[in-house]
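A quick write-up on the structure given underneath.
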Amino acid sequence: MKARDLDPLSSIIARSLALPYYLKRDYVRALEFVRQADEIGPALSTTFEIGVYIQNRKFDEALAELEKAKRERKGDPILIYGTGMVYAAQGKRAEALQVIKELEEMSGASLSEAHWIAKVYAALNEKEQALTWLDRGLTTGAIGSFYKDEPVWDPIRSYPRFEALVGKMFVPTKTPGDAR
């Protein structure tokens with residue numbers, strides 16, 4: 001909070017204050033900071049922000065913020081992902097799957113959007129697909145790490161495969177200096 005006192009107009013600080021509340025499931029408090037951050041700086045510039053709106057069931061507000069941001073940031077994958085998350089939370093399966101398809105096309109062979117695809121699948125309660133995309137992303141290096149305590153993972157958190165993937169984040173694939 002001292003950082004916030006020193007720089008009350010920093011959207012980055014407001015967002016950083018929202019994250020711990022979100023992870024602790026204090027969604028109301030997290031939303032206060034996200035709204036402040038969105039007023040100060042570019043809206044929806046972190047992936048967890050959409051989760052804050054969703055957990056507070058502010059779907060219309062989230063979609064309005066997404067549309068406003070899309071006018072300034074056309075084709076921004078974080079905004080496309082956010083739209084898919086809202087659709088999934090609203091039970092709009094076909095629309096969420098269309099967003100996944102769009103993210104897959106953007107991702108290409110690099111699987112750059114694997115993390116977000118996994119999250120949309122988790123939000124759709126498509127557990128195997130979510131785990132598969134997490135695994136693919138971690139295996140290829142497209143996902144370096146993720147917040148394992150994020151609410152989006154609740155549907156798959158108890159799966160042994162999820163715990164194995166969490167462990168995979170912290171295991172180096174080769175030793176430093178290994179040229180192979």
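The values are calculated or read from the model by the stated rules, or taken from the named source; none is laboratory data. Here the structure is a predicted model, which is why all the values come from computation and not from measurement. Cβ atoms come from the backbone with ideal geometry, glycine included; neighbour counts cover every protein chain shown. Protein only, heavy atoms only, side chains kept; ligands, DNA and RNA dropped before computing areas. Shrake-Rupley method; radii C 1.70, N 1.55, O 1.52, S 1.80 Å.
Determine the per residue accessible area of the chain with all protein chains present and a 1.4 angstrom probe, expressed in square angstrom.
It amounts to 53 Å² per residue over the chain.
Whole-Hz Karplus ³J(HN,Hα) for the stretch 68-77, in order, using 6.51 cos²θ - 1.76 cosθ + 1.60 and θ = phi - 60°, x for Gly and Pro?
Here the 3J(HN,Hα) series is 4, 5, 5, 5, 8, 10, 4, x, 5, x Hz.
Please pull out the direction-averaged projected area of the stretch 33-139, using the convex hull of its alpha-carbon atoms, in nm² to one decimal place.
With every direction weighted equally, the projected area is 6.5 nm².
Whole number please: convex hull volume per residue, Cα atoms of the stretch 11-63, in Å³.
59 Å³
Placing unit charges on C-beta atoms (Lys and Arg positive, Asp and Glu negative, everything else neutral), compute the dipole magnitude of the chain about its Cα centre in debye, rounded to 20.
Using only the charged Cβ atoms, the result is roughly 320 debye.
Among the chymotrypsin sites (Phe, Trp or Tyr not before Pro) in the stretch 80-180, which ones are in a DSSP loop with at most 16 other Cβ atoms within 10 Å of the Cβ? Mind listing them?
Here the sparse-neighbourhood loop sites are Y147, F170.
A 18 angstrom limit on the alpha carbon distance is what I want to check against. Which of K101/K168; K68/K119; K68/K92; K70/K119; K101/K148; K92/K119 exceed it?
As for pairs spanning more than 18 Å Cα to Cα, those are K101/K168; K68/K119; K68/K92; K70/K119; K101/K148.
Given the stretch 81-178, what whole percent of its Cα pairs are spread farther than 16 Å?
Summing the P(r) of the stretch 81-178 above 16 Å gives 54 percent of all pairs.
Can you list the aspartates and glutamates whose alpha carbon is less than 13 Å from that of K127, not counting same-chain residues fewer than 8 positions off?
Here the aspartates and glutamates satisfying the reach criterion relative to K127 are D135, D154.
I need the semi-axes of the equivalent ellipsoid of the chain: take the C-alpha gyration tensor, multiply each eigenvalue by 5, square-root it, list largest first in whole angstrom.
27, 21, 17
Could you give the nm distance between label points at Q129 and K70, where each point is 7 Å from its Cα heading toward the beta carbon?
About 1.9 nm separates the two model spin labels.
Through the Karplus equation 6.51 cos²θ - 1.76 cosθ + 1.60, θ set to phi - 60°, convert the phi angles of the stretch 25-36 into ³J(HN,Hα) values in whole Hz; use x for Gly and Pro.
Couplings: 6, 8, 5, 5, 5, 4, 5, 4, 6, 5, 4, 4 Hz.
I'd like the Karplus ³J(HN,Hα) series for the stretch 128-140: coefficients 6.51, -1.76, 1.60, θ = phi - 60°, whole numbers in Hz, and an x wherever there's a Gly or Pro.
4, 5, 4, 5, 4, 5, 4, 4, 4, x, 5, 5, 8
In deg cm²/dmol, rounded to 500, what helix-only [θ] at 222 nm does the chain give when every DSSP H run of at least 4 residues adds -39500 (n - 2.57) and the total is split over its residues?
Calculated from helices alone, the mean residue ellipticity at 222 nm is -20000 deg cm²/dmol.
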